[in-house]
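The values are calculated or read from the model by the stated rules, or taken from the named source; none is laboratory data. Note that the coordinates shown come from a computational prediction; the quantities given were computed from them, not determined experimentally. Cβ placement follows ideal geometry from the backbone for every residue including glycine, while neighbour counts extend to all protein chains displayed. These area figures cover heavy atoms from the full protein model, side chains too; ligands, DNA and RNA do not enter into them. Shrake-Rupley method; radii C 1.70, N 1.55, O 1.52, S 1.80 Å.
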Amino acid sequence: MRRLLAAGLAAGLAGSVVPARADPGSAALAPFLDAVAACAGRPDPTLAVVGVEPGQTALSREQAEEVRLALESRLQATGRVRLAAAADVVRIKALREGTTGLSGVEAEAQIRAAFSGDASVFLVEPRRAGGTVALRLQAITRNAACKATSEPVAVPIRVGAGVADVDAVMEGAVRAFAQAAPQAGAVEVCPFVAEGGHSTCAGALTDRLVIALDAEARSANRILKGARLDVRRRPPGTACSGPVTARGRFLTDRDRQSWMEVEFQRDGAVLAPTGRRRIGVEGLGCDPTPRPFLDHLVATAQTDGGRLAVGAAATPFSAGQRLEMRIEARAGQSLYCWVVAPDETAFVALPVRGNPASLAPLAAGDVRRYPRGYGLDEIVAGEPFENLFACFGVAGGLPPELAERWLAAAPGPDGAARLLQPPEVLDLVERIRATPGVTEAAARIVVR
């Protein structure tokens, strides 16, 4: 009797329980997990969630980690997968080393085990929209024979307190300028300066300031009053002058927080300064890292190893050794090479005026040695230095104006190459990179 009563009571309680609602975020991953299971050949695959690519700029480092953990939680909530410690192996390694000690072999085995899942999951194409990021999960099996990609998944992200919106800062600065100098008819926009080196965020912030000034120039209030405002952007590296100028600085502190400041000047007097403002750069599509000039050139180059490759014959070269660079064209293109120094100056190396071998386009598969392959005098390493041998490859050649500028600085039978100063170097980089279809390749020339 007691057993019957207990059974009836249990059945009654079971009937009264309201089933838990499935997490809609986890439920949306079902088609993706079906595809992953089919790829892995098992219903309960082990996944190594690697995270977003290190070079992406949509998310800060902290936000990227937050997104990875959120998606790991969603995957776990499905009950269909197990997770490997791919992204956390560094933490585990540090813990073990601090307690039991790890040999090199043991550390290597641990790293391999952390990535030993049936598939690695990458978070790709992150796109910010306010406090949310949308991205896709992409799983690739261990043997790279199968891939599964999810539909876009939205994940909320946090924006730190005190982080100002870049456009709001720019618009506020422009409004304050318009009030302080209502009669100004033109403004020269100086390129933002990145403190501690070169950063692509300096160019992105210059773009945003130009956009804010252009909006002011086209505002209904100015049009009705007939108060014209000409906005002129100065090229990188050039002196910024004029009755009214706009100047900005960008910097990144030790905690990887980004800051900017903008000020307008009229005849040397400061107008409408913003002061230093902490900003979020995730939506700018730029890399805030300040780099030395040569590193910046390499990091921002439009490289394509399938079309053009450059390498040094030795790394490093020793004093007295013959300097030689190897150039390999993997597609037909005209070649424009120069040697760039850390102080932002440069010498044109190729083509050489009056040298048919250097002026002729390279065919796919051509391999040349510079300088011997062009019939030029040998170059022998002397004092220690570090420069960059960089080449632009352009199918059909540079536009006539740019090609003329380049050849005007090139060496020829009657003399050496002209030393290009920083403003011209920066301007040429910007203009050549804007040429459709341009490819870049570079290699360090290091003499010890």
Inter-residue pairs, beta-carbon under 7 Å, first in contact (Cβ under 8 Å) with a residue 24 or more places away in the chain and in region 212-237, second open to solvent by 40 Å² or more (accessible area, probe 1.4 Å) and among the hydrophobic types (A, V, I, L, M, F, W, C), 6+ apart: Leu213/Val231
Number of positions in region 327-363 that are in contact (Cβ under 8 Å) with a residue 60 or more places away in the chain, out of contact with any Gly (no Cβ under 8 Å at 6 or more places or on another chain) and open to solvent by 40 Å² or more (accessible area, probe 1.4 Å): 3
So Gly51, is it modelled with pLDDT of 70 or more and assigned to a strand (DSSP E or B): yes
Matching residues in region 281-297 - criterion: being surrounded by fewer than 18 Cβ atoms within 10 Å (Cβ to Cβ) and assigned to a loop (DSSP other than H, G, I, E, B): Gly285, Thr289, Pro292
Residue match in region 185-201 (condition: part of a helix (DSSP H, G or I) and in contact (Cβ under 8 Å) with a residue 24 or more places away in the chain): yes
Odd one out for Ile157, checked against (1) in contact with a Ser or Thr (Cβ under 8 Å, 6 or more places away or on another chain); (2) at pLDDT 85 or above: (2)
Complete set of residues in region 263-280 that are surrounded by fewer than 17 Cβ atoms within 10 Å (Cβ to Cβ) and in a loop (DSSP other than H, G, I, E, B): Asp267, Gly268, Pro273, Gly275, Arg276
Matching residues in region 206-223 - criterion: being within 31 Å of the chain's Cα centre (by Cα), of a type outside the set (Asp, Glu) and open to solvent by 30 Å² or more (accessible area, probe 1.4 Å): Arg208, Val210, Ile211, Ala215
Count - residues of region 364-377 that are surrounded by fewer than 18 Cβ atoms within 10 Å (Cβ to Cβ) and basic (Lys, Arg): 2
Some residue of region 214-230 being in a strand (DSSP E or B) and at negative phi: yes
Criterion (open to solvent by 50 Å² or more (accessible area, probe 1.4 Å), closer than 17 Å to Leu251 by Cβ and not basic (Lys, Arg)) met by exactly one of Gly226, Gly203, Gly196: Gly196
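Looking at Leu398, is it closer than 22 Å to Thr238 by Cα and either touching a His at 6+ places or on another chain (Cβ under 6 Å) or open to solvent by less than 50 Å² (accessible area, probe 1.4 Å) (or both)? Even if it seems obvious, please write down each step before you answer.
Details: closer than 22 Å to Thr238 by Cα: no; either touching a His at 6+ places or on another chain (Cβ under 6 Å) or open to solvent by less than 50 Å² (accessible area, probe 1.4 Å) (or both): yes.
Answer is no for this residue.
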Whichever residue in region 253-262 is outside any loop (DSSP other than H, G, I, E, B) and touching a helix residue (DSSP H, G or I) at 6+ places or on another chain (Cβ under 8 Å) and, among such residues, is surrounded by the fewest Cβ atoms within 10 Å (Cβ to Cβ): Ser258
Positions within region 66-99 being of a type in the set (A, V, I, L, M), part of a helix (DSSP H, G or I), modelled with pLDDT of 65 or more and open to solvent by 30 Å² or more (accessible area, probe 1.4 Å), in sequence order: Leu69, Ala70, Ala77
Unique residue being assigned to a loop (DSSP other than H, G, I, E, B) and surrounded by fewer than 18 Cβ atoms within 10 Å (Cβ to Cβ) when the list is Arg418, Arg444: Arg418
Listing of strands (runs of 3 or more DSSP E) fully contained in region 298-414 that carry 1 or more residues being modelled with pLDDT of 95 or more and closer than 30 Å to Gly196 by Cβ: 334-340, 346-350, 385-394
All positions within region 313-356 that are farther than 19 Å from Ala410 by Cα and of a type in the set (Asp, Glu): Glu328, Asp343
